[in-house]
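Rule-based calculations on the coordinates, nothing more; no lab input. Everything numeric here is computed off the predicted structure, so don't read it as measured data. Every residue, glycine among them, receives a Cβ derived from its backbone with ideal geometry; neighbour counts consider all protein chains shown.
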Amino acid sequence: MPRFWSLVAAVATALAVAAPALADGSAQSPSPLSLAQAVDFALAHNASVLQAQAQVASAGSVLARDRSLELPLIAGQAQSVLDRQSANNAGSLAQFGLRPSPNFSQNTAQLLGSQNVLNLTDTLQAKQAKHAYDSTVENLRLAREQVTLNVDSGYYALVQNSNIAALDRSDELYQRALLQIAQANFKAGRVAGIDTLKAQVQLTTAQERHASALADVADAGENLGQVIGAPPGTSFIIAATVPQPEPKTTDLAVLRATALANRPEVAIAGANLQNALLSNGLVDAPNLPSVALNGGYGNQVSPTTNAAFVDQCIASNNNPNRPPTIPIQNCSPGTSHFYNIGLTSTWTLPIVDWGATHAAHRSAYSAIDQQRAALDLARNQTTVDVDQAVRRLQVDKENVGLAQANARLAKQAADIAQVQYRLGVISQVDVTSAEQSYQQAARDLLAAQVGYALAVDKVELATGSL
């Protein structure tokens, strides 16, 4: 095995730089990405994650709008009115014997305030918006977890293909050594010339497999780049061996409790159930009392009215026929500040609605039953996912141990067979069979290691902790 793993390290280092060039000859990435960097890049660029983030932002906007209806609202208002009309146009004021001023202007600046003191509809809608926002946040977390698993799967596939390429290179060297032995034995008269031909065929086959394996590595690198949303030509730091992380815990009871508390699917189902309950309350909300408070404070000035008042006041003060008992008037227009405050209470009771309310309640109860069943299903599925993930983790861990033992024994058998073939103890068929057994055992080991690494991820995914 030392010869194989040294080749793995060498090939992995070379492929980390050469993989993009093997794909299409594009420029090398200035800094190859590690697994952690690839995950971070994917979480920032993956289309599904970006879509989930947009949904969170949209739900947050709705939540802010609905919550604002329950809070005091303050607004500033500036208004300017200019009106000019003919003097003989009394309009609807004629019936009162009034004639509007032909010229009128008025400027108003005020602060307006309002608050829904009691409005059950607004309150329930705000709660629904909060649950909808929580649901989108959990959906974002679910998208991030799924993308993380996809990146890990793609990266492990890249590492596995890199190791297979190194394994095929090792097989190529092994077959080349067998060819040299066959040629030497043929010259010594130990074997027939057909052994040399067979050894040459095996060497050529090994070279073909190695070239194909290098292409597979390039393909796996491009596929991983596509998963994370990176441009073509992005390279990655390829580990010499498949990482073998340890799970945080394998206690089934702890994992089940953690999953039920953390799984996004359970939280989303719970939020949907709460919204269904609130929808039932919204059926009767419009028929309950509502109280609204509003008011304003500001300044209002009418230049045309003030001018007319001042002219009239001055004319009255200067009237020579003014009785001496009437004091001289103050011709100042006076204060322009004002305020208003109002409290509106409304209670509408439906007398005849032709069964609309009853039908709405019936529909709401059906939705509640559906969402309650969906929540139960999500909880049951969570428990099943945890059980299956832990079971698969235990099996994959055992498989790694068995595959390591098989690969070690197969390697020893292949090395011994090479020596025996050199001495003429066994045939070319026997030594080739021993090498093929080792190659298959080494591939089984890689598959078992990748399966175990992904099993650890799937346990964390099942518990909502990835």
Inset, instruction - Please work out whether the range 210-251 counts as rounded, prolate or oblate from its C-alpha gyration tensor, where a ≥ b ≥ c are the square roots of the eigenvalues and a/c under 1.5 means rounded, while otherwise a/b larger than b/c means prolate and anything else oblate? - result: oblate
Inset, instruction - Would you mind checking the tilt of helix 35-45 against the longest principal axis of the Cα atoms of the chain, expressed as 0 to 90 degrees and rounded to 10? - result: 30 degrees
Inset, instruction - Measure nothing fancy, just the Cα-based angle from helix 303-317's long axis to the longest principal axis of the chain, in degrees from 0 to 90, nearest 10. - result: 20 degrees
Inset, instruction - Apply 1/(1 + (r/R0)^6) to the Cβ-Cβ distance of Q207 and L402, taking R0 = 30 Å, and write down the FRET efficiency to the nearest 0.05. - result: 0.45
Inset, instruction - Measure nothing fancy, just the Cα-based angle from helix 2-24's long axis to the longest principal axis of the chain, in degrees from 0 to 90, nearest 10. - result: 50 degrees
Legend entry - Highest average packing first - 305-311, 197-203, Cβ atoms within 10 Å: 197-203, 305-311
Legend entry - Relative packing of peptides 103-116, 342-355 - highest average C-beta neighbours within 10 Å first: 103-116, 342-355
Legend entry - Entries in K127/K458; K397/K458; K187/K411; K248/K397 that, when Cα-Cα distance is taken, lie over 24 Å: K127/K458; K187/K411
